Amino acid sequence: MAVAVSMLCLAATPGFAAPVHGIAMHGEPALPPDYKHFSYVNPDVKKGGRIAYGVVGTFDNLNPFILKSMRTTARGVWDPEFGNLVYESLLQRSRDEAFTMYGLLAETVEWDDDRTFVQFNLNPKARWSDGEPVTPEDVIFTFQLLRDKGRTPFNRRLESVAKLEKVGERGVRFTFNDKADREIPLLLALSPILPKHAIDVETFERTSLAAPLGSGPYRVTQVKPGEKVVFVRNPDYWAKDLPSKIGFDNYDEISVEYFLQDNTLFEAFKKGEIDLYQEGNPTKWARGYDFPAAVSGAVVKDAAKPKTPSGMLGFVFNTRRPVFQNRELRKALTLAFDFEWVNRSLFENAYKRTESYWQNSELSSMGVPADAREREIVGTAISRIEPDILAGTHLLPKTDGSGRDRKVLREAMDYFEKAGYAIKGGRMVDASGKPLTFEIMTQNADQEKLALAYQRFLKALGVSAGIRTVDDSQYQSRSQTFDYDVIIRAFPSSLSPGVDQISYWSSITRDRQGSSNFAGLADPDVDRILEAMLNARTAEDFRSAVRLHDRMLLSGYYVVPLYHLGEQWVAHSKRIARPETVPLYGFQFPTWWDERAQ
């Protein structure tokens, strides 16, 4: 259905709600209307200086919203990690709340309890960097342009919208259809807004290195394709005194520099050419910081413990393959992985075993028995959830770390037998005598190292697991078309899971090439739980639905859980400082600053 666009004046429209300063997915915003700034910033920071970020990869494009060069768009233009330096959204997300947003381009918001509509009232001070005002026409233009010419997920934001209307001088109202869920108003609020007067619709889909015009705090001033992009702070930035932007955007200059390999990037960091390095290798974190700058104190190591869910990293079984449609077999293969051996032998015991998709948060089913609301949602499908998972007592078996723990291997063997397999002549075979063989597709040396360990554990049970490491382009092509037996993938999780879970686990994405449904799940019971999660009205109902979703995934053994760090590791130049308070979501680089400006 085409989205209707009209001029509308609402004086006494049914369902009209009073304007509010912020919106939350569940409950109310934590900050009052007269809040001064977010809790995790330094409101008195003196702006100035510079920072150089480093990333691995390349870029040939400054438009992050189109399909072409989607994976090679310059960082920083629209970037949740380094900051949305050029483009901005209607509202600004607080990283110290699960999913709450406050005024930015939109000064206030209106919606009803049923979330049948949302209306954003633009801040009259909002300006593009050329001084032109941000208007409702810009908002409407943006959503229609991205619908027609943008990439996922931007091109799908209007699928849930029946009407898109200008309201008065500064309002834009989205009225929803029956495809909408309760998350869609917040996703609209997170969407970028583009300047109608500065964009050529006919050429929008083409890659471009022309400096983009946005409403954000920085302008692009230098571009070296594939090597470097430089942003300079706009001294006339319209929102610098907004409560949601106090303490942000503190550098006069930000450069993002590109390297073909992580080793090269790390060497540049050691030499002081890059100011900040995010570490994910526990061995290197423990032993690799003995270079002169680190020894002298010019480089410091910093760690934080975000209060966010662990997510799930693991070997993913492609259940589109007939062999992996057997749950008992998937469980047997899960039990065969010796985490204790891997953690000790490969990672110096730096990791924790992941036991839940939302571990380390109240959304996890770990240690919590299913409540009445969960039982109501799951209905007769409760029989599909293992009793210990339902009770919240489930833990994966802990081995002796030998790689051949006989007790655990016997338990795994029990499930192979339940799946119809037996060891004959040293090989695991099914009832017809066909050997159990499959291939693990890996993307890089680190994944290959894990796969080799898993291959060793499986060999002790007569299972033949081949390993194929492919280049990046082949990996992307095969993973997007689901052409693999087993791969290693991460399933990030947040405190506000929503449509991301549809992409991972819903029946509608099973056969949609390019989706994130890597396990090939198409389960009506899971679909029903996802619907309950997306339509939950209270924080309590939402928590119950997510915990139930967690239990169903764990009971299905679609993924062999691996590990997580539990910490965020960042090394940086001593002159780069940060606020004392670390928010719920961990370090927030846009709130850091250069002490030379003090």
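We did not get these values from a lab; they are worked out from the coordinates using the rules stated. If you're wondering where the values come from, they're calculated on a predicted model, not measured in any experiment. Quick reminder, even Gly has a Cβ in these numbers, built from the backbone with ideal geometry, and neighbours come from all protein chains shown.
Using only alpha carbon pairs under 8 Å that are at least six residues apart, calculate the relative contact order of the stretch 312-564 and give it in whole percent. Dividing the mean separation by the residue count of the stretch 312-564 yields 34 percent.
Using C-alpha pairs below 8 Å separated by at least 6 residues, the relative contact order for the stretch 255-387 is 22 percent. Can you give the net charge of the other residues whose Cβ lies under 14 Å from the Cβ of Ala545, counting K and R as +1 and D and E as -1? With Lys, Arg at +1 and Asp, Glu at -1, the net is -4. Spin-label model, Glu439/Glu595: points 7 Å from Cα along the beta carbon direction are separated by 5.3 nm. Working ranking of peptides 42-55, 533-546, 424-437 by packing, defined as the average number of other Cβ atoms within 10 Å per residue, highest first, is 533-546, 42-55, 424-437. Once the other residues with Cβ under 11 Å from the Cβ of Arg156 are scored (Lys, Arg +1; Asp, Glu -1), what is the net sum? Once all neighbours under 11 Å are counted, the net charge is +3.
Let's test the formula: R0 of 60 Å, r as the Cβ-Cβ distance of Glu411 and Ala198. What FRET efficiency results, to the nearest 0.05? Can you show the working numbers first?
Details: r = 63 Å, r/R0 = 1.05.
That gives a FRET efficiency of 0.40.
The length gained by stretching the chain between Asp112 and Val223 to full extension, at 0.36 nm per residue less their Cα-Cα distance, is 35.4 nm. Counted residue by residue at 0.36 nm each, then reduced by the alpha carbon distance between them, the extension gain from Asp130 to Lys424 reaches 98.4 nm.
Report, in listed order, any pair from Lys125/Lys307; Lys163/Lys196; Lys68/Lys224; Lys179/Lys307 with a Cα-Cα distance greater than 27 Å.
Pairs exceeding the cut-off: Lys125/Lys307; Lys179/Lys307.
Would you calculate a helix-derived [θ] at 222 nm for the chain, using -39,500 (n - 2.57) for each DSSP H run of n ≥ 4 and dividing by the full residue count, to the nearest 500?
Working: 15 runs with 144 residues, N = 598.
It lands at -7000 deg cm²/dmol.
When only Cα pairs below 8 angstrom with a gap of at least 6 residues are kept, the chain shows a relative contact order of 20 percent. Have a look at Gln222, Pro153, Val232 and report the one farthest towards the positive end of the charge dipole of the stretch 138-267, computed about the Cα centre with Cβ charges (Lys/Arg +1, Asp/Glu -1). The residue sitting farthest along the positive end of the dipole is Pro153.
Extension gain, Thr581-Gln513: 0.36 nm per intervening residue step, less the Cα-Cα distance, totals 20.3 nm.
Bridge orientation summary for the chain: considering DSSP beta bridges with both residues in this region, about 75 percent are antiparallel. Entry note: the stretch 239-381 has Rg to Rh equal to 1.09, where both radii use alpha-carbon atoms and Rh is the Kirkwood radius.
Could you list Leu390, Leu565 so that the one with the fewest beta carbons within 10 Å of its beta carbon is first and the one with the most is last? Can you show the working numbers first?
Values: Leu390 21, Leu565 17.
Listed from fewest to most nearby Cβ atoms, that is Leu565, Leu390.
Put a plus charge on the Cβ of each Lys and Arg, a minus charge on the Cβ of each Asp and Glu, and nothing anywhere else: the dipole of the chain about its Cα centre is then about 1360 debye.
How much space per residue, in cubic angstrom, does the convex hull of the C-alpha atoms of the stretch 109-205 take up? Each step should come with its number before you reach the end.
On the way: hull volume 9.4 nm³, N = 97.
Output value, Cα hull per residue: 97 Å³.
Beyond 44 Å, the tail of the calculated P(r) for the chain holds 22 percent of the Cα pairs. The local environment of Pro195, defined by Cβ-Cβ distances under 15 Å, has a net charge of -3 under the rule Lys, Arg +1 and Asp, Glu -1. Among Ser402, Ser208, sorting on how many other beta-carbon atoms sit within 10 Å of each Cβ, with the fewest leading, yields Ser402, Ser208. Summarising the label geometry, the points placed 7 Å from Cα in the beta-carbon direction at Ile382 and Thr481 lie 4.6 nm from one another. Structure shown: which of Lys245/Lys574; Lys424/Lys449; Lys36/Lys352; Lys149/Lys245 lie over 27 Å apart, alpha-carbon to alpha-carbon? Flagged as over cut-off: Lys424/Lys449; Lys36/Lys352; Lys149/Lys245. Rounded, prolate or oblate for the stretch 312-564? Axes are the square roots of the Cα gyration tensor eigenvalues, ordered a ≥ b ≥ c, and the cut-off for rounded is a/c under 1.5. Judged from the Cα gyration tensor, the stretch 312-564 comes out prolate (a/c at least 1.5, a/b above b/c).
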